[in-house]
Amino acid sequence: MNRADVLKKIYEAGIVGAGGAGFPTWKKLDSTVEYILANGAECEPLMYKDREVMSRESDNLIKGMQLLQAITEAGKMVIGLKEKNSDLVPKLKISSADKGIDFLVMRDVYPAGDEYVLVYEATGRRIPPGGIPLDVGIVVNNVETIVNVAEAVFNDRPVIQKYLTIAGAVNQPVTLKVPIGTSFRECIGQAGNLSGGLTVDDIAVFTGGLMMGGVEFDLDLPVTKTLGGLIILPKSHYLVTRKTATKESYTALGHSACDQCSMCTELCPRYLMGYPIQPHRVMRSMQMTGEAKDRISLWAEHCCECNICSLFACPEGLDPKSICVDNKTHMRENNIEWSREQLANNFLDIHPVRDGRQVPIEQLSLRLGLKQYDQKAPFKKEEFVPRHVILPLRQHMGVPAQPVVKKGDSVKMAQLIARPPEGSMGVPLHASISGKVVEVNAGVIVIDA
């Protein structure tokens with residue numbers, strides 16, 4: 001099978017980045033690089049999805065790595081994972097024997113899974129400010145994405161299921177493999193039953209991670225191709241209060257209380273890698289207007305929104321991350337950006353004390369009040385078919401897919417139900433269960449089992 005045929009299979013299978021970003025994989029792999037990096041260094045507290053993928057799918061992971069190497073002509077392959085999962089390395093080495101794959105065991109720090117961090121730790125190269133791994137001859141894919149590539153090319157299986165962790169305020173934390181489109185409610189039910197599985201009544205659901213994920217309260221929302229987990233916390237929990245604060249409240253608090261201690265900057269992972277990001281300077285922008293605000297906003301541009309500044313570093317409980325996000329919006333709306341000369345002058349060497357300022361996951365969990373929820377989430381083998389699935393037509397970067405089925409149609413599992421316009425950036429969508437199409441609109445396709 002030639003390269004073009006392999007890329008077409010990856011496209012037709014509807015594969016996108018499974019780690020959260022959702023970039024179409026066929027497009028990412030249409031390049032020639034020096035390194036293939038498999039990102040298994042999940043660093044969000046309480047998450048075990050990537051661990052279970054590497055444990056259960058080791059053969060597919062290695063076959064997928066070799067396939068990516070062949071497509072991109074990469075000379076080197078590395079799998080990155082955390083110390084907490086180092087017990088998987090012997091098993092992975094058996095599967096990868098004589099395949100030329102190296103292993104990078106990273107410290108249990110946050111955010112080790114950030115691709116800027118992974119690229120540097122694995123290769124010693126730094127992605128340029130605002131750039132992508134391809135700029136330094138590297139392709140990075142989440143381990144689940146790579147498994148999906150192997151399944152598509154060798155077994156003709158499209159992406160219709162998703163690994164995800166269910167953890168937090170549940171009786172039995174688990175990692176599941178569920179049909180895409182399954183409701184949060186039914187997934188949580190697999191961590192016990194919905195009434196008996198939860199340890200609290202009034203809950204919030206963190207989607208994808210406690211630090212960088214969103215907060216939802218609607219349990220009927222569907223699992224998508226990019227969702228890595230559902231972390232359940234009481235509505236009264238500190239993290240829920242912080243992450244649902246309004247712009248008016250966090251802006252007013254920051255405007256009145258920030259004393260420019262600079263702890264947000266001193267612990268910022270990107271700052272410690274030499275990037276031009278200084279949240280404490282951005283906090284000053286709340287006192288400014290006009291050209292002064294424009295100029296100070298530049299220090300927000302390279303924020304990766306990891307939330308270390310807001311949820312760990314700031315001694316006053318302020319929200320520099322959200323202020324950085326707001327200032328990045330201000331920059332886009334006003335066409336403000338670093339000049340080439342400014343970037344050259346402000347992209348510095350790695351900070352000499354970076355290693356000592358990386359945030360251990362255990363310390364982060366203590367700070368966030370998560371210790372009581374810190375349990376492993378082993379894989380639950382029992383498969384279930386949800387009563388219905390809701391399949392959003394946009395589960396990826398790029399244009400949404402367009403339906404090729406109509407209400408009333410009977411469909412089989414893995415059948416094509418939507419595809420993007422010809423030549424556009426997107427991927428097809430497939431039925432994750434067999435059943436009847438009961439709704440088709442501009443946003444979703446709903447199938448009853």
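Throughout, read-outs are computed from the coordinates displayed, never taken from laboratory work. Small disclaimer: the values here were computed from a predicted structure and weren't measured. Backbone-built Cβ (ideal geometry, glycine too); neighbour counts: all protein chains shown.
Go ahead and estimate [θ] at 222 nm for the chain from helices alone: -39,500 (n - 2.57) per DSSP H run with n ≥ 4, summed, over the residue count, rounded to 500. Intermediate results must be reported in sequence, preceding the final value.
Working: 19 runs with 147 residues, N = 449.
It lands at -8500 deg cm²/dmol.
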Long-range amide H contacts for Phe379: which residues qualify at under 5 Å (H placed 1.01 Å from N, peptide plane, sequence gap of 5 or more or a different chain)?
-> Thr175
Quickly work out the Asp98-to-Arg284 label distance, labels modelled 7 Å from Cα along the C-beta direction, and quote it in nm with one decimal.
-> 6.2
Please determine, in degrees from 0 to 90 and to the nearest 10, the orientation of helix 320-333 with respect to the longest principal axis defined by the Cα atoms of the chain, where the helix direction is its Cα long axis.
-> 80
Using a ≥ b ≥ c from the Cα gyration tensor of the range 3-155 (square roots of the eigenvalues), is it rounded, prolate or oblate, where a/c under 1.5 gives rounded and otherwise the larger of a/b and b/c decides, a/b for prolate?
-> rounded
Lys381-Asp220 FRET efficiency (beta carbon distance; Förster radius 25 Å; 0.05 resolution) | 0.45
Cα axis of helix 3-12 to longest principal axis of the chain: angle in degrees, 0 to 90, nearest 10?
-> 90
Along Cα→Cβ, 7 Å out, is where each label goes; now give me the distance between the ones at Val105 and Ser424 in nm to one decimal.
-> 4.7
Net charge contributed by nearby residues that have their C-beta within less than 12 Å of Pro173 (K/R +1, D/E -1) | +1
Alpha-carbon centroid distance for the pair the range 8-53 / the range 68-121, whole angstrom = 13
Could you list the square roots of 5 times each eigenvalue of the Cα gyration tensor of the chain, that is, the equivalent ellipsoid semi-axes, sorted largest first and rounded to whole Å?
-> 34, 27, 23
Simple spin-label estimate for Val200/Val325, 7 Å along Cα→Cβ, in nm, reads 2.0
Euclidean distance of C-alpha centroids, the range 372-449 and the range 232-270, integer Å | 36
Any residue on another chain or 5+ positions along whose placed amide H is under 5 Å from the amide H of Gly274 is listed here as His351
In degrees between 0 and 90, to the nearest 10, how far off the longest principal axis of the chain does helix 143-155 point, with axes built from Cα atoms?
-> 20
Ranked from fewest to most other Cβ atoms within 10 Å of their own Cβ, Arg51, Arg357 fall in the order Arg357, Arg51
Quick one: Leu311, Leu391, fewest Cβ neighbours within 10 Å first, how do they rank?
-> Leu311, Leu391
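Taking a 30 Å limit on the Cα-Cα distance, which of the listed pairs Lys381/Lys407; Lys235/Lys293; Lys63/Lys84; Lys76/Lys328; Lys28/Lys407 fall beyond it?
Beyond 30 Å between Cα atoms: Lys381/Lys407; Lys235/Lys293; Lys76/Lys328; Lys28/Lys407.
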How big, in percent, is the set of alpha carbon pairs in the range 1-90 lying more than 24 Å apart?
-> 22
Lys/Arg Cβ at +1, Asp/Glu Cβ at -1, dipole of the chain taken about the Cα centre: which of Gln287, Gln375, Ile277 is farthest positive-ward?
-> Gln375
Dipole in debye (nearest 20) - the range 142-215, about Cα centre, beta carbon charges: Lys, Arg +1; Asp, Glu -1 | 80
Of all DSSP beta bridges with both partners in the chain, the antiparallel percent, nearest 5, is 60
Please report, in debye to the nearest 20, how large the charge dipole of the chain is about its Cα centre when each Lys and Arg carries +1 at its beta carbon and each Asp and Glu carries -1 there.
-> 520
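Pull out a ≥ b ≥ c, the square roots of the eigenvalues of the alpha-carbon gyration tensor of the range 25-74, then state rounded if a/c is under 1.5, prolate if not and a/b is larger than b/c, and oblate in the remaining case.
Since a/c reaches 1.5 and a/b is larger than b/c, the shape of the range 25-74 is classed as prolate.
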From the Cα gyration tensor of the range 335-442, with a ≥ b ≥ c the square roots of its eigenvalues, which class applies: rounded if a/c is under 1.5, or else prolate if a/b is larger than b/c, or else oblate?
-> oblate
One finds, for Glu439 and Asn345 with R0 = 51 angstrom and r their Cβ-Cβ distance, a FRET efficiency to the nearest 0.05 of 0.40
Pairs of Cα atoms under 8 Å, at least six residues apart: use those to get the relative contact order of the range 247-360, whole percent.
-> 32
Ordered by packing density, taken as the mean number of other Cβ atoms within 10 Å over each peptide's residues, highest first, how do 5-18, 399-412, 213-226 rank?
-> 5-18, 213-226, 399-412
